[in-house]
Amino acid sequence: MNAPTYNFAYLDEQTKRMIRRAILKAIAIPGYQVPFASREMPMPYGWGTGGVQVTAAILGPRDVLKVIDQGSDDTTNAISIRKFFAKTAGVATTTSTADATVIQTRHRIPEAPLHAGQLLVYQVPIPEPLRFLEPRETETRRMHALGEYGLMHVKLYEDIARFGHIATSYAYPVKVNARYVMDPSPTPKFDNPKMDDCPALQLFGAGREKRIYAIPPHTTVKSLDFEDHPFTRYRFDAPCALCGADNSYLDEIVTDDQGGRMFVCSDTDYCETRQAQGHRGTESAAPHKESARG
Amino acid sequence: MYVAVKGGERAIENAHRLLAHERRGDPGVAEVTLDQISGQLSLAVDRVMSEGSLYDRELAALAIKQARGDMIEAIFLVRAFRATLPRFGATEPVDTGEMRVRRRISSTFKDIPGGQILGPTFDYTHRLLDPQLAEGFAPEPPATADVSAAAMPRVTDILGRDGLIEPSPEADADTPVGDLTREPLGFPADRDLRLQNLARADEGFLLALGYSSQRGYGRNHPFAGEIRFGEVEVEFLAEEVGFAVPLGGISLTECQMVNQFKGSATEAPCFTRGYGLAFGQSERKTMSMALVDRALRARELGEEVLAPAQDEEFVMSHSDNVQATGFVEHLKLPHYVDFQSELGLLRKLRKEFSEAADDSSPMQEAAE
């Protein structure tokens, strides 16, 4: 039986070249979804295969990789993907947002500002922002080509008519470079403003749907809204219980079955960095914290 | 951090260790071998090879063992391995007319040149659980006869000689067939890509779609023109030597459906075709595939597209069980960041709702 051997960062060089071409095209047309010949990866579709392929194609031996899921470095899938690249590419890994050259993420943008030269790779489940309004790819491609986004505005308007607010709280659609309406992946809308004029290159990979798209550094990214219903961010109105931050996105932790709950930073690196700097919240330690013994 | 919501590296390792333990089962019972899986669960191996798109009985058996018998997981293992293999080129088209036939039936003619051959089949078995098998027993040796020298032309070729069925498209060296594992799929897709998609498609999905076409959702009046199963030779044209080199034999099942005829003022009416092909003995798969192939030809044959089985975007986008299972099962991954966002919105809407209700209640009282 053939013992399998794998290339640096798993993918063969031909495949990487194909993906890099798609990335270059995506950078040239900000917000446009470029079809690419997505490969079958050794992890399931829907678990980050698009992001993994983009990361594999751009990773160099001197890169420092950070992987987060829900803002956290230690969620199971983030650990699994980080281990995959540590094993197949032998690159250095970090949990520090500032030290990383490549950050692969699912559902969050780090709180610490990104800087020039950094790459943020998003895992994308459904790249098409119009998909839930129009299930047919042939139709949505035509709508993008014609810049025909009326359907989306009608949806947002209907939300306001029914609920008094735009009822989209994550994967909130944006317009990139005043041209393409784009799905930012299921990040909370709290993160949307971070995409605008960002000094880092943002790449989006959807493996199952076989699409790559990009936001080049310092590109205008505007969340869709109306003059009389402007876009607003949402965060739970409380400081982080651990580090006291009042500007970070918070996870709700249920502490008992009596309605007890606490709110802590979803970005674990941000929270721990602040705690190391001496910032304190109302709680000294997290509930259910894993004990230190090995 | 939080054990309840965040798992450590050690937790993952321990989970995989436990999985290996569970896979082995009772250590007092002999471990199942790849030869046993390949030889005695051969139809499972055939399915994994077909939907895994890789003809390798040993690897398919390994995948089934590793996947604890979960077929889609086994198919996934084979696919992920296949994706890493270099491509040397494409073989010559296989000639199923030259198949060394082990089973061959036609439901359109009582007798056909070369005869009807039942071969190894569940058909006409009575589905009664067999206690003999539970204990293990040596079956009788199979009945044998001399190999007939008679040719076994495909039934569709016999019909085609009289022009009663549309001809199959000829191979065209200038337009090689597409490969959706190498190029991103676009719509509308031609029949080569549709057939590749269907060949890799989940058997259960195709079965349900084919069945739906029989029940009227895109009916196309099928007859099983011929189903044949056996071995064919695979040849590869080696540029260096300038001729086709045999690579070996593979087992295939082919199903040719004869369907509802078409015709027009300028064209004599003739039957149309639906085609199914799979590795190994995979009759349910190839029959379903042929039904769906024919249904998907609606656009090409000028039929109205009304039913799911006729809708190529619907069928091709959802037929792949590795893609489907990945996305369905990804709901196991944490979603608490987006859920939190949704919770926040919902709480706000509920608060506004109750405030509005409070405001309006005194007025209601006044009205009463």
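All of the numbers you see were taken from the coordinates with simple rules; none came from a lab. These numbers were taken from a predicted model, which means no experiment stands behind them. Please note: Cβ atoms are built from the backbone with ideal geometry, for glycine as well, and neighbour counts cover all protein chains shown.
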Requested in this report: Would you mind counting up the charge near B:Ile75? Only other residues with Cβ under 11 Å from its Cβ, with Lys and Arg at +1 and Asp and Glu at -1.
Outcome: -3
Query raised in the report: Which of B:Arg68, B:Arg17, B:Arg154 moves the most in a Gaussian network model of chain B with Cα springs under 10 Å?
Result: B:Arg17
Query raised in the report: Given the options B:Gln281, B:Gln116, B:Gln340, which has the most mean-square fluctuation in a GNM of chain B, springs set between C-alpha atoms less than 10 angstrom apart?
Result: B:Gln340
Report summary line: Given backbone amide H placed at 1.01 Å from N, residues whose amide H is under 5 Å from that of B:Phe236, ignoring those fewer than 5 places away on the same chain, are B:Glu92, B:Val245, B:Leu247
Query raised in the report: Considering only Cα-Cα distances, which of the following residue pairs are longer than 25 Å: A:Lys16/A:Lys175; A:Lys25/A:Lys222; A:Lys189/B:Lys351?
Result: A:Lys16/A:Lys175
Report summary line: Excluding residues fewer than 8 positions from A:Lys210 in its own chain, the aspartates and glutamates with Cα under 13 Å of it are A:Glu40, A:Glu128, A:Glu137, B:Glu183
Query raised in the report: Within a Cβ distance under 12 Å of B:Glu166, other residues only, what is the Lys/Arg minus Asp/Glu net charge?
Result: +2
Requested in this report: For the range A:150-199 and the range B:7-69, compute the distance between their C-alpha centroids and round to whole Å.
Outcome: 45 Å
Report summary line: Of the candidates A:Thr94, A:Ala26, A:Ser72, the farthest towards the positive dipole end of the range A:21-102 (Lys/Arg Cβ +1, Asp/Glu Cβ -1, centred on the Cα centre) is A:Ala26
Query raised in the report: Based on Cβ point charges of +1 for Lys and Arg and -1 for Asp and Glu, what charge dipole magnitude is obtained for chain B about its Cα centre, in debye rounded to the nearest 20?
Result: 680 debye
Query raised in the report: So how strong a dipole does the range B:8-101 carry about its Cα centre when Lys and Arg Cβ are +1 and Asp and Glu Cβ are -1, to the nearest 20 debye?
Result: 240 debye
Query raised in the report: Can you give the mean number of other chain Cβ atoms that lie within 10 Å of the Cβ atoms in peptide B:189-197?
Result: 0
Requested in this report: Determine the distance separating the Cα centre of the range A:1-65 from the Cα centre of the range A:227-260; give it in Å without decimals.
Outcome: 35 Å
Query raised in the report: What net charge do the residues around B:Val305 carry, taking every other residue with its C-beta under 9 Å from that of B:Val305, with Lys and Arg at +1 and Asp and Glu at -1?
Result: -3
Query - Rounded if a/c under 1.5, otherwise prolate or oblate - the range B:54-113, Cα gyration tensor axes - result: oblate
Query raised in the report: Per-residue mean of other chain beta-carbon atoms within 10 angstrom of the beta-carbon, peptide A:160-167?
Result: 3
**Report entry** Table column - 3J(HN,Hα) (Hz), the range A:103-116, Karplus curve with 6.51, -1.76, 1.60, x for Gly and Pro
**Finding:** 10, 9, 9, 10, 6, 8, 10, x, 6, 5, x, 7, 10, 4
Report task. Sort A:260-269, B:176-185, A:200-209 for me by packing, meaning the mean count of neighbouring Cβ atoms within 10 Å per residue, highest on top. Result -> A:200-209, A:260-269, B:176-185
Query raised in the report: Where a Cα-Cα gap under 16 Å defines reach, which aspartates and glutamates qualify for A:Lys194, not counting those fewer than 8 residues away within the same chain?
Result: A:Glu111, A:Asp183, A:Asp267
Requested in this report: Please give the contour-minus-distance gain from B:Leu18 to B:Phe137: 0.36 nm per residue of separation, less the Cα-Cα distance, rounded to one decimal in nm.
Outcome: 39.4 nm
Query raised in the report: Cross-link partners among aspartates and glutamates for B:Lys110, C-alpha distance below 15 Å, same-chain residues fewer than 8 apart left out?
Result: B:Glu226
Report task. Arrange the peptides A:272-283, A:95-106, B:215-226 so that the one whose residues have, on average, the most other Cβ atoms within 10 Å appears first. Result -> A:95-106, B:215-226, A:272-283
Query raised in the report: Taking Rh as the Kirkwood radius computed over C-alpha pairs, what is the Stokes-Einstein D of the range B:86-229 at 4 °C in a medium of viscosity 1.567 mPa s, expressed in µm² per second?
Result: 66 µm²/s
Query - Two-decimal Rg/Rh across the protein assembly as shown, once Rg and the Kirkwood Rh are taken from alpha-carbon atoms - result: 1.03
Query raised in the report: Taking every DSSP beta bridge that has both residues in chain A, what percent is antiparallel when rounded to the nearest 5?
Result: 60 percent
Query raised in the report: From the phi of every residue in the range A:117-133, what ³J(HN,Hα) in whole Hz does the Karplus formula 6.51 cos²θ - 1.76 cosθ + 1.60 yield, where θ is phi - 60° and glycine or proline is x?
Result: x, 7, 10, 10, 10, 9, 8, 10, x, 10, x, 8, x, 8, 4, 7, 9
